[in-house]
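The structure under discussion appears below in the form of structure tokens.
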Amino acid sequence: MISTRLARLGALAPKSRLVLATRGLATVSDSPLDKKVEMTNWEKGNYINYKKMSENLNIVRQRLQRPLTYAEKILYSHLDDPHGQEIERGTSYLKLRPDRVACQDATAQMAILQFMSAGMPSVATPSTVHCDHLIEAQVGGDKDLARANDINKEVYDFLASSTGKYNIGFWKPGSGIIHQIILENYAFPGGLMIGTDSHTPNGGGLAMAAIGVGGADAVDVMAGLPWELKAPKVIGVKLTGSLSGWTSPKDIILKVAGLLTVKGGTGAIIEYHGPGVDSLSCTGMGTICNMGAEIGATTSVFPFNDRMYDYLKATKRQHIGDFSREYAKELREDEGAEYDQLLEINLSELEPHINGPFTPDLATPISKFKEAVETNKWPEELKVGLIGSCTNSSYEDMSRAASIARDALDHGIKSKALFTVTPGSEQIRATIARDGQLQTLEEFGGVILANACGPCIGQWDRRDVKKGDANSIISSYNRNFTGRNDANPATHAFVTSPDLVVALSIAGTLKFNPLTDKLKDKDGNEFMLKPPTGDGLPADGYDPGRDTYQAPPADRTSINVAVSPTSDRLQILAGFQAWDGKDANGIPILIKCHGKTTTDHISMAGPWLKYRGHLDNISNNMLIGAINAENGEANKVKNKYTGEYDAVPATARDYKARGIKWVVIGDWNYGEGSSREHAALEPRHLGGLAIITRSFARIHETNLKKQGMLPLTFADPADYEKIQPEDTVDLLCTQLAVGEPMTLRVHPHDGSKTFDIQLNHTFNESQIEWFHDGSALNTMARKSGKN
């Protein structure tokens, strides 16, 4: 049975403010927690501090006097001030001290450019950069990698030199996808990490709170400042029963996405628990946490268990597993811990699911999918099947996929659809090459792509269909927004487990159900595919493959980090102007966005990724995918002053040249998807003042604040309908104060009566300083005496 119910809330988040406990250091008896255990094999001197975490937790327990969820334990054990921190779930802003920072190459460029402006000689928190986003899938792994190294040489050289200069670990192109590298090398139970990619929560598969952020947040932590997070609510997912047959860990998150929708997890951590957890592999738990980003969750976590210990041992980190066992009591929820919401899923009854198209929360069980294809008139023929990505590229995933492919080959048939394989890391590629799965998938018809993100983020030079032709693809990825994979808005992209991707690729149709339907072998005889099988961990251990890691040198003083002033890929950042202290009167609405406006709509990836280090150039893609409510078209808005229609960025540049600020009106869950801060930097760079929506996705709202913009929401969401794209508005910025509404005065373009709309915001005192100073980076510079 799958049910949804609300947990009791009374004991959860008391409305009264906490009385501060008397200061006093909680102590831990002599102990195993005093050990010096390094958090990764790649660094020296960076230790897991379970003792400090335990002391912080004891202080918080004395104050709260209630059982804690596991998510709370991780956060509260990393509080900057456990004595004085106000703690109220869903309300308080927590100041936290993360253990690590991780950046992928597309976001690292801007993060490092911002860090350079802080003037520090070294990062204050252990950090890594991973090259995975800039490799385009075209013909196959080695050739695509060589092409990327050539095309992106300037960016890779900048990242290699700047990471060396500032004491940051550097994973070269070809090493693998950031989240797989983190799970294999850096994640540890009870840790807190932030990463400049929305799928950072993958680390929850090793009982870590790994949270996606924008680059400005990463810069704060790199610079040694505490990181601020609104105390999340906690949604519990209790798992019972066990998986079997065609059902995989991916189906758990596909089901949860259907239950909670793309915004149901906003402002919350998803915490999995219950007896069903022990039937999942560590990498399977990572898959579930990874795709939790698609429901807007802050992150997702699993409690530490023996499956995680086995994975730590297999990845040469048994010493960390042993240390975690000493701290195991705090690496799971307390008995009696209560959740803001509770879902229950019986894994023994869970069906395989397929989600999509165009949104990752349209969940359909396989038994009803054929009917859904017919009812919705989705293109039945399957053009391409794609497995791998940061979500599903583990040894277990590849082994199960290869078992299905081998079954088909044994019957003399291969994939009818085009078929691609993206290994998640060099270690996975080397291991499945050694153990035979890679050869099986190639024999099946698979094209082996580079160890990188590839088609999952739009890095795919797809040539089998013309742009505008309706077609269907199916992948084991996590995200399937319109045009995301191949820039074709007519592509119907579905997400599912690698198992179903392989099965449907063999059939070449969306209307195939491997649990009930038969295929024909090379002689025309009918047969059914066997359920997939595969080991969670390689029996002979992992093969590390090629060495792709660059450690910072011992002497970093002679390293020079240069950015050419004529580069079209990199640009030194100039600080944004501070607020002028006035209300903004008579300003235009640049665009009123209709419907889903993801970060892909606001700042597209794909071919635009090459400009991620050059703010002015990448700003030419600002909001070009958003649908204009006035005319139902993308990238076509009316200039208030010329009366002519033009591209959104061109119109914004014209307003900026006239010295006129502007606002954007947005719909529900504005900014869902990627953590890319460019979606906030671009409107700020082109003269934007505020983004006013029905609601925001968490990371994007924070990113806008960090860049000195005003993310505001309608107090009454229905007021969205009252505003027309050609209206002008007054935004009373002088009203900005903690907990107080702001006024938007609307002057209708048809000359009818002016009216006021109430707007809400979530700014606290320190965030208001960011707006006043022009950005969080400006505030940091001012406080350090550099302004």
>> Under the rule a/c < 1.5 gives rounded, and otherwise a/b versus b/c splits prolate from oblate, where does the range 243-330 land using the Cα gyration tensor?
In response: prolate
>> Could you work out [θ]222 nm for the chain from helices alone, using -39500 (n - 2.57) per DSSP H run of at least four and dividing by all its residues? Round to the nearest 500 deg cm²/dmol.
In response: -8000 deg cm²/dmol
> Roughly speaking, what is the centre-to-centre gap between the range 666-725 and the range 103-127 when only Cα atoms are used, to the nearest Å?
Replying inline: 25 Å
>> What distance in nm lies between label points placed 7 Å from Cα along the C-beta direction at Thr557 and Leu259?
In response: 5.9 nm
> Applying 1/(1 + (r/R0)^6) with R0 = 22 Å to the Cβ-Cβ distance of Glu644 and Ser752, what FRET efficiency is obtained, to the nearest 0.05?
Replying inline: 0.35
> How long is the range 70-346 along each principal axis, judged by its Cα atoms, biggest number first, in Å?
Replying inline: 53, 50, 38
> How much of the accessible area of the chain, probe 1.4 Å, is carbon plus sulfur, in whole percent?
Replying inline: 48 percent
>> From the phi angles alone, apply the Karplus equation (6.51, -1.76, 1.60; θ = phi - 60°) to the range 642-649 and give each ³J(HN,Hα) in whole Hz, x where the residue is Gly or Pro.
In response: 9, x, 9, 8, 8, 5, 4, x
> For the range 471-540, what does the alpha-carbon gyration tensor say about shape, rounded, prolate or oblate, given a ≥ b ≥ c as the root eigenvalues, a/c under 1.5 as rounded, and a/b over b/c as prolate?
Replying inline: oblate
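When you count, for each residue, the other Cβ atoms within 10 Å and take the mean per peptide, how do 130-138, 745-753 rank with the highest first?
By packing density, highest mean first, the sequence is 130-138, 745-753.
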> So which of Lys263/Lys370; Lys172/Lys610; Lys466/Lys638; Lys416/Lys511; Lys706/Lys753 end up more than 24 Å apart by C-alpha?
Replying inline: Lys263/Lys370; Lys466/Lys638; Lys706/Lys753
> Expressed in nm to one decimal, what extension gain is obtained for the pair Arg66 and Asn585 from 0.36 nm per residue of sequence separation less their Cα-Cα distance?
Replying inline: 181.8 nm
> In whole Å, how far is the Cα centre of the range 157-204 from that of the range 311-326?
Replying inline: 19 Å
> At a Förster distance of 60 Å, what's the computed FRET efficiency of Arg745 paired with Asn525, Cβ-Cβ distance as r, to 0.05?
Replying inline: 0.20
> Separation of the range 733-787 and the range 480-494 by C-alpha centroid, Å?
Replying inline: 36 Å
>> No solvent, one uniform scatterer per C-alpha: report log10 I(q)/I(0) for the range 130-190 via the Debye equation at q = 0.12, 0.25 1/Å, two decimals.
In response: -0.34, -1.06
> With every protein chain present, what is the per residue accessible area of the range 353-527 (1.4 Å probe, Å²)?
Replying inline: 33 Å²
>> Compute and list, largest first, the equivalent-ellipsoid semi-axes of the range 353-527 from the alpha carbon gyration tensor, each √(5λ) rounded to a whole angstrom.
In response: 23, 21, 14
> Once the Cβ-Cβ distance between Glu381 and Asn346 is put in as r, and R0 is 45 Å, what FRET efficiency do you end up with, to the nearest 0.05?
Replying inline: 0.80
> Can you list, largest first and rounded to whole Å, the semi-axes you get for the range 584-784 by taking the square root of 5 times each eigenvalue of its Cα gyration tensor?
Replying inline: 23, 22, 16
> How long are the semi-axes of the ellipsoid equivalent to the range 78-156, from square roots of 5 times the Cα gyration tensor eigenvalues, in whole Å, largest first?
Replying inline: 37, 16, 10
>> Straight-line reach only, C-alpha to C-alpha below 21 angstrom: list the lysines that Lys329 could link to, leaving out same-chain residues fewer than 8 apart.
In response: Lys35, Lys36, Lys51, Lys52, Lys73, Lys238, Lys313
> By how many nm would the segment from Asp306 to Ala737 grow when fully extended, if each residue of separation counts as 0.36 nm and the alpha-carbon distance is taken off?
Replying inline: 150.3 nm
> How many Å² of accessible area per residue for the range 77-178, probe 1.4 Å?
Replying inline: 28 Å²
> Per-residue HN-Hα couplings for the range 241-252, Karplus 6.51 cos²θ - 1.76 cosθ + 1.60 at θ = phi - 60°, whole Hz, x for Gly and Pro?
Replying inline: x, 8, 6, 7, x, 7, 7, 10, x, 4, 5, 5
>> I need the phi-derived Karplus couplings for the range 141-153: 6.51 cos²θ - 1.76 cosθ + 1.60, θ = phi - 60°, integer Hz, Gly and Pro marked x.
In response: x, 5, 5, 5, 5, 4, 5, 5, 4, 6, 5, 9, 3
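Please work out whether the chain counts as rounded, prolate or oblate from its C-alpha gyration tensor, where a ≥ b ≥ c are the square roots of the eigenvalues and a/c under 1.5 means rounded, while otherwise a/b larger than b/c means prolate and anything else oblate?
Rounded, since a/c falls under 1.5.
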> Excluding same-chain residues fewer than 8 positions from Lys520, which aspartates and glutamates have a Cα within less than 15 Å of its Cα?
Replying inline: Asp407, Asp410
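The values are calculated or read from the model by the stated rules, or taken from the named source; none is laboratory data. Remember, it's a predicted structure, so these values are computed and weren't measured experimentally. Note: ideal-geometry Cβ built from the backbone for every residue, glycine included; neighbour counts use all protein chains shown. Heads up: the accessible areas ignore ligands, DNA and RNA and are worked out on the full protein's heavy atoms, side chains in. Shrake-Rupley method; radii C 1.70, N 1.55, O 1.52, S 1.80 Å.
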